[in-house]
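Here is the structure we will look at, set down as structure tokens.
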Amino acid sequence: MLARLVIQDVVLIDRLTLTLSPGLNVFTGETGAGKSILLDALGLALGARSDSGLIRAGATQANVAAEFSGPPPPALIDLAEAQGLTLDDPVILRRTVAKDGKSRAFINDQPIGVALLRQIGEQLLEIHGQFETHGLLNAATHRGLLDSFAGTTMLRRKTAAAHAAWRQAEQRHAEAAAARDRARAEEDFLRAAVAELDDLSPDADEVGKLAERRTGLQHREKILDALQTTDQALNGDKGAASALAQAGKTIARLTVKAAGLPDLLAAIDRAANDVAEAGQLLDRLLRDIDAEPDALQRIEERLFALRAVARKHNVAAEALLALQHDLKTRLALLTDQSDALTALAKAVTESKFAYRKLAEDLSAKRQKAALELAKRIARELPPLKLERAQFVADVTPLPEDQWGADGMDRVAFLASTNPGVPPGALNKVASGGELARFMLALKVVLVAGDPVPTLVFDEVDSGIGGATASAVGERLAQLAEQVQILVVTHSPQVAARGNNHLRVLKQTKAKQAITGVDTLDAPARVEEIARMLAGAQTTDAARQAAVSLLEDGKPAASKTIKRSARA
């Protein structure tokens, strides 16, 4: 609730601190005392358009701070979290306006933009009057208010969850269909590329192995010449094998003639064996190199083919095997995807059906609640001198492309204040006073589902008196049992209902008019209400009438209106 309002240098106010209470706070005072200035200052703190003309003469800037105590509404908590703001208790909204018209806004000393201040203010307080009204005139709030009245909160949540599931199923199906279409668009390419790679049959590490072998074959002539020279040295007529054989024969004839010759013969035999083994290896190498005279050409051709295909696909030749696997997988989508798409399409149909069933149930409950709401409000209108008025909660089906998390309906509160005139938007069919009383009737019926904790009514009793004014006071008192009410009134019947009575007065200080506010005690209330009843001269009869009104305005009196509302 609004606990405190601090105003400095606004029009006729130099510095003023208002302390407000729960329940019904009434503001009274003579015409021109400055009651509208209080509302202008309050609006400034809530994000209304600033004007340098609001700055008091001689001051450099205007300052207003509104302090709200108690737990913030859930919608405000969500808004603050989305904006990265920290909320404390109390929530303090502050606004300054300089002479050049520029203003600054703060929430708990955190700087914010004026647009955000206005959003925050809308969650905390609504102003209803002859010239300004918020909240209920915003058609975007009507569907939620009707749902709260109908008690469909859980059904609405289920509908929102079903809508999200339906949209997710549609997205998954769309993504799969797009993947299939992309595959189809490149089907010819995929088939040709896979066929080419299948023909090529790349192996793992094939390029490296071929490159290594090619390096060896590029030196074939030199290797062949070296092998042939070595063969002549080992196996020729004067080669090592022949020389070792001749040496062995010579020494073998003399082994008995001298010591040490047997060891020499053994060494010669070992050398002959090593030469023989070298000759065998040499023969194998000569056969191998002569067996593939075109091996180098074939390797060059294979490497060229592998690298040419790799360039075509913009990959390294070493990655051809992985590319072959990838292309085959994409090609398989053309056949495998049809089954997956069928399953996804079925999921879309089923989730849409589930959403539609819940949304239709929600629509039916809204239609029923709309009729009951119209009946309840119709009972509130005659006592408020709106006996010719008509209220309609219009529930209209939306086209499918506009179905959403909130269902498949558009909800609008419409009214007509004259017979024969079709219902229209609330602010288009009612005069200022009628509109304020219409808002009062709506609030009385809808207050349980309306999250805004503080309501302001500016001269809701304008142009009425007697029983009608009493009815307005009763309804304000009833509302004040559930939310905080601030009402600016000229009606003694309304003023007598207040839990907290504040009198606005204008005084002259240092030859300058100053607006002030007094919080009235019981005797002062009697005098103020007597003044409102009597006019220029307060009489004892007026005082007695004021005492009677105050007695009638005690909380027990609101029980009558509650019983009639349930009748």
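Against the conditions (1) farther than 27 Å from LEU426 by Cα; (2) of a type outside the set (Asp, Glu); (3) without any contact (Cβ under 8 Å) to a residue 40 or more places away in the chain, where does GLN367 fall short? Just the number, please.
(1)
Can you tell me which residue among ALA98, ALA115, ALA139 is at pLDDT below 90 and either among the small types (Gly, Ala, Ser) or over 22 Å from the mean Cα position of the chain (by Cα) (or both)?
Only one candidate passes the filter, namely ALA139.
Given the structure, is ALA204 loosely packed, with under 14 Cβ neighbours inside 10 Å and either closer than 16 Å to ALA317 by Cβ or at pLDDT below 85 (or both)?
Judged against the criteria, ALA204 is a match.
Do you know which residues across region 435-485 are more than 26 Å from LEU76 (Cβ to Cβ) and part of a loop (DSSP other than H, G, I, E, B)?
Across region 435-485, the qualifying residues are GLU459, ASP461, SER462, GLY463, ILE464, GLY465.
ALA185 is checked against (1) surrounded by 11 or more Cβ atoms within 10 Å (Cβ to Cβ); (2) at pLDDT 75 or above; (3) of a type in the set (A, V, I, L, M, F, W, C) and fails just one. What number does that condition carry?
(1)
Only one of (1) farther than 30 Å from GLU360 by Cα; (2) surrounded by 24 or more Cβ atoms within 10 Å (Cβ to Cβ); (3) out of contact with any strand residue (DSSP E or B) (no Cβ under 6 Å at 6 or more places or on another chain) fails for GLY407. Which number is that?
(1)
Return the only residue of GLY23, GLY58, GLY32, GLY53 being closer than 19 Å to VAL487 by Cα and at pLDDT below 90. Reasoning before the result, please.
On the way: GLY23 fails: at pLDDT below 90; GLY58 fails: closer than 19 Å to VAL487 by Cα; GLY53 fails: closer than 19 Å to VAL487 by Cα.
Going through GLY23, GLY58, GLY32, GLY53 in turn, just one is closer than 19 Å to VAL487 by Cα and at pLDDT below 90: GLY32.
Within region 277-296, is even one residue in a helix (DSSP H, G or I), exposed (fewer than 13 other Cβ atoms within 10 Å of the Cβ) and either among the hydrophobic types (A, V, I, L, M, F, W, C) or within 35 Å of the chain's Cα centre (by Cα) (or both)? First the steps, then the outcome.
We begin by selecting, within region 277-296, every residue in a helix (DSSP H, G or I); these are 277-291, 295-296.
Now drop any that are not exposed (fewer than 13 other Cβ atoms within 10 Å of the Cβ), which leaves 277, 280-281, 284, 287-288, 290-291.
Still in the list and also either among the hydrophobic types (A, V, I, L, M, F, W, C) or within 35 Å of the chain's Cα centre (by Cα) (or both): 281, 291.
The answer is yes; a qualifying residue exists.
Going through region 142-175 one residue at a time, which ones are farther than 16 Å from ASP361 by Cα, surrounded by 19 or more Cβ atoms within 10 Å (Cβ to Cβ) and hydrophobic (A, V, I, L, M, F, W, C)?
LEU145, TRP166, ALA169
So for region 209-223 (the condition being of a type in the set (D, E, K, R), at pLDDT 80 or above and under 30 Å from LEU306 (Cβ atoms)), does at least one residue qualify? Can you show your working first?
Of region 209-223, the ones of a type in the set (D, E, K, R) are 209, 212-214, 220-222.
Still in the list and also at pLDDT 80 or above: 209.
Add one more test, that the residue is under 30 Å from LEU306 (Cβ atoms), and what stays is 209.
Within region 209-223 (the criterion being of a type in the set (D, E, K, R), at pLDDT 80 or above and under 30 Å from LEU306 (Cβ atoms)), the answer is yes, since at least one residue qualifies.
With ALA66, ALA59 as the choices, which residue is touching a strand residue (DSSP E or B) at 6+ places or on another chain (Cβ under 8 Å), surrounded by fewer than 22 Cβ atoms within 10 Å (Cβ to Cβ), not basic (Lys, Arg) and not in a helix (DSSP H, G or I)?
Testing whether each residue is touching a strand residue (DSSP E or B) at 6+ places or on another chain (Cβ under 8 Å), surrounded by fewer than 22 Cβ atoms within 10 Å (Cβ to Cβ), not basic (Lys, Arg) and not in a helix (DSSP H, G or I) leaves just ALA59.
Look through region 514-567, keep the residues that are over 30 Å from ARG15 (Cα atoms) and part of a loop (DSSP other than H, G, I, E, B), and return whichever of them is modelled with the lowest pLDDT.
That would be ALA567.
Please state which one of GLY121, GLY47 is crowded, with 21+ Cβ neighbours inside 10 Å, among the small types (Gly, Ala, Ser) and assigned to a helix (DSSP H, G or I). Don't jump to the end; show me each part of the working.
Numbers: GLY47 fails: assigned to a helix (DSSP H, G or I).
Only one candidate qualifies: GLY121.
Of the residues that make up region 330-340, is at least one closer than 30 Å to HIS173 by Cβ, modelled with pLDDT of 90 or more, part of a helix (DSSP H, G or I) and small (Gly, Ala, Ser)? Spell out how you get there, then give the answer.
Within region 330-340, the subset closer than 30 Å to HIS173 by Cβ is 330-340.
If we keep only those that are modelled with pLDDT of 90 or more as well, we get none.
No - not one qualifying residue is present in region 330-340.
Within region 153-178, track down each residue that is aliphatic (A, V, I, L, M), touching a residue at least 40 places away in the same chain (Cβ under 8 Å) and more than 18 Å from GLY404 (Cβ to Cβ). Walk me through it before giving the result.
Initially, region 153-178 is screened for residues aliphatic (A, V, I, L, M), giving 154-155, 160-162, 164-165, 169, 174, 176-178.
Subset that is touching a residue at least 40 places away in the same chain (Cβ under 8 Å): 155, 160, 162, 164-165, 169, 176-177.
Listed by number, the residues that qualify are ALA176, ALA177.
Please go through region 13-44 and give me each residue that is surrounded by fewer than 16 Cβ atoms within 10 Å (Cβ to Cβ) and either without any contact (Cβ under 8 Å) to a residue 24 or more places away in the chain or β-branched (Val, Ile, Thr) (or both), ordered by number.
ARG15, THR17, THR19, THR31
Name every residue in region 420-444 that is surrounded by fewer than 23 Cβ atoms within 10 Å (Cβ to Cβ) and either at pLDDT 80 or above or touching a His at 6+ places or on another chain (Cβ under 9 Å) (or both), in order of residue number.
Within region 420-444, VAL421, PRO422, PRO423, GLY424, ALA425, VAL444 qualify.
Condition first: farther than 20 Å from GLY498 by Cβ and acidic (Asp, Glu). Now tell me which residues in region 526-542 satisfy that. Show your work before the answer.
Of the residues in region 526-542, the ones farther than 20 Å from GLY498 by Cβ are 535-537, 539-541.
The answer is ASP540, and nothing else.
Looking only at region 1-44, which residues are in a helix (DSSP H, G or I) and either farther than 25 Å from MET532 by Cβ or of a type outside the set (Val, Ile, Thr) (or both)? Quick ask: steps written out before the conclusion?
Narrowing region 1-44 to residues in a helix (DSSP H, G or I): 35-44.
LYS35, SER36, LEU38, LEU39, ASP40, ALA41, LEU42, GLY43, LEU44, listed by residue number.
Inspect region 497-513 for any residue being touching a residue at least 12 places away in the same chain (Cβ under 8 Å) and in a helix (DSSP H, G or I) and give the result as yes or no.
Within region 497-513 (the criterion being touching a residue at least 12 places away in the same chain (Cβ under 8 Å) and in a helix (DSSP H, G or I)), the answer is no, since none of the residues qualifies.
Mind checking which residues of region 90-104 are among the charged types (D, E, K, R) and surrounded by 11 or more Cβ atoms within 10 Å (Cβ to Cβ)?
Restricting attention to region 90-104, the residues satisfying the condition of being among the charged types (D, E, K, R) are 94-95, 99-100, 102, 104.
The answer is ARG94, ARG95, LYS99, LYS102, ARG104.
Take ALA316 and tell me if it is farther than 30 Å from THR153 by Cα, among the aliphatic types (A, V, I, L, M), out of contact with any Gly (no Cβ under 9 Å at 6 or more places or on another chain) and surrounded by 15 or more Cβ atoms within 10 Å (Cβ to Cβ).
Numbers: farther than 30 Å from THR153 by Cα: yes; among the aliphatic types (A, V, I, L, M): yes; out of contact with any Gly (no Cβ under 9 Å at 6 or more places or on another chain): yes; surrounded by 15 or more Cβ atoms within 10 Å (Cβ to Cβ): no.
No: the conditions fail for ALA316.
Within region 126-141, is even one residue polar (S, T, N, Q), closer than 30 Å to ALA412 by Cβ and surrounded by 21 or more Cβ atoms within 10 Å (Cβ to Cβ)?
Taking region 126-141 as the starting set, the residues that turn out to be polar (S, T, N, Q) are 130, 133, 138, 141.
Subset that is closer than 30 Å to ALA412 by Cβ: 130, 133, 138, 141.
After this cut, where a residue has to be surrounded by 21 or more Cβ atoms within 10 Å (Cβ to Cβ) as well, the list is 133.
Yes - at least one qualifying residue is present in region 126-141.
Pull up region 326-346, narrow it to residues that are in contact with a His (Cβ under 8 Å, 6 or more places away or on another chain) and surrounded by fewer than 17 Cβ atoms within 10 Å (Cβ to Cβ), then point me to the one that is farthest from THR153 (Cα to Cα).
Residues of region 326-346 that are in contact with a His (Cβ under 8 Å, 6 or more places away or on another chain), as a first pass: 341, 344-345.
Adding the requirement that they be surrounded by fewer than 17 Cβ atoms within 10 Å (Cβ to Cβ) leaves 341, 345.
On the way: LEU341: 35, ALA345: 30 Å.
Of everything passing the filter in region 326-346, LEU341 is farthest from THR153 (Cα to Cα).
Quick test of your reading of the structure: LEU79 fulfils all but one of (1) among the hydrophobic types (A, V, I, L, M, F, W, C); (2) in a helix (DSSP H, G or I); (3) within 21 Å of ILE7 (Cβ to Cβ). Name the failing condition by number.
It fails just one condition, (3).
Of LYS368, LYS352, LYS357, which residue is part of a helix (DSSP H, G or I) and surrounded by 18 or more Cβ atoms within 10 Å (Cβ to Cβ)?
Numbers: LYS368 fails: surrounded by 18 or more Cβ atoms within 10 Å (Cβ to Cβ); LYS357 fails: surrounded by 18 or more Cβ atoms within 10 Å (Cβ to Cβ).
Every option except LYS352 fails the conditions.
The values are calculated or read from the model by the stated rules, or taken from the named source; none is laboratory data. Note that this is a predicted model, so its numbers are computed, not measured. Neighbour counts run over all protein chains shown; Cβ positions are idealised from the backbone, glycine included.
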